[in-house]
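Down below is the structure, laid out as structure tokens.
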Amino acid sequence: MDPNQDSAMAERKTKTRKRKQPESAPAATASLDELNQDLLERVLSRLPASSFFRLRSVCKRWSSVMESATFRLACSEVPSRDPWFFMVDPQLDRSIVYDTSENNWKNLNPPSLLNQSHISNSMPVASAGGLICFRTVSEEFVVRNPVTRACRELPKIGPLIKNRTLHAIAMKCSGDYGLYKLVLVFGEFPDLSIRIYDSMKNAWEEEFALHRRFEGTPDSDAVCGDDETVYFLSKTGEVIATNMQRSPSKQYSSIITLEEGEEVLYFLSSSGTLVGCNLTRKSYIERPRILPVYFEYSIDVIECNGEVAVVVLSEFLESASLRVWKFFDGHWTQVAAMNPAMSHEFYGKKADINCVGCGDSIFICVNSGESGGCCCAIMCDLGNNEWVELPKCEVDGRVREFMSAFSFEPRIEACV
């Protein structure tokens, strides 16, 4: 063979080996273990909230992150989290939530404080941010973070308020997840008053009175008409009272929203009117009933994207309807309605609805409280008018029934 050919072949083999060598070399890899603590905490803070429960079981380093103050600070910088819905059942089991990010039910262990005898039967009454407020049998209040299980009893409110009619309990969190306020509305119409607990001061503020203002008129000390109960016969011959009998967990259902920069608390009166309490002007107004007094219906007030709305379950012409209404220009306007074929399932069941809004979503608990009645949870996408019945929640092979739900953001940085 020609020596020149041998030399050329050897050169080609050498070039070939040089080209293939980088391809066969292992690629450089990086793992979370190689990240510094600050970067690791920022990465983990972006995980879904449900993953926080699993961090402790990964390794010692990740377990220590859960207790880190800088990790909680990183979590607070996450603008928003998909809501969880804290469920209330007739046995007051405080352990089931619905996770909208994973679309499933979760079982949380209640904190030891809520298992103490004097507050073991406490009822959830309000929620905001990452916190839920409970009212005890002694009519005191406990605030809890369901994710961290942190729990705190608020200062006693005193006997003067306990002896007066309580209409509404609302909760409001500020941008700082360690600050919140609890607002109570009490008294007898037309003499309503407000009392506010401020977590920054860890104290109840001084009570102040509200004066009634009529729609379209300036603030004035007008006298309110009597909120009397009206009785009528239903289609089945039963005597019905217009005084609403609400589920205990939603008896004080109310929401706080901003209107033109002013905080307004809305709640439903016992006769079905919507009462709006302007906390800035220290006044209140009443919206008219959405249906005549002789109609049988269930109603709840919600807040969606900063706007107040009501959800109404009613029966008419041998069928049932589930609709969402908002108050525009002095009258009620329908903004969404369940498909009639779906809502007809509730006809004749004497069902009660308890609802909570979050963003564009409305979580609705339908419960008749009777054997053979209906019991389901429904999610409504208000923007698209889509209604979906959620799968049943089964625990130990038994389907759980729920009376109501409270919306909260799962945030470990929310302090009680």
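Below is a table of values for the structure above.
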quantity	calculated
Whole-number percent relative contact order across the range 340-399, with pairs defined as alpha carbons under 8 Å at least 6 apart	22 percent
Cα-based Rg and Dmax for the range 301-416, where Dmax is the largest Cα-Cα distance (Å)	15.4, 51
L258/A209 FRET efficiency (R0 25 Å; Cβ-Cβ; nearest 0.05)	0.65
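Every read-out reported here was derived from the displayed coordinates using simple, explicitly stated rules and does not represent laboratory data. Note that the structure is predicted; figures quoted are calculated from it, not measured. Quick reminder, even Gly has a Cβ in these numbers, built from the backbone with ideal geometry, and neighbours come from all protein chains shown.
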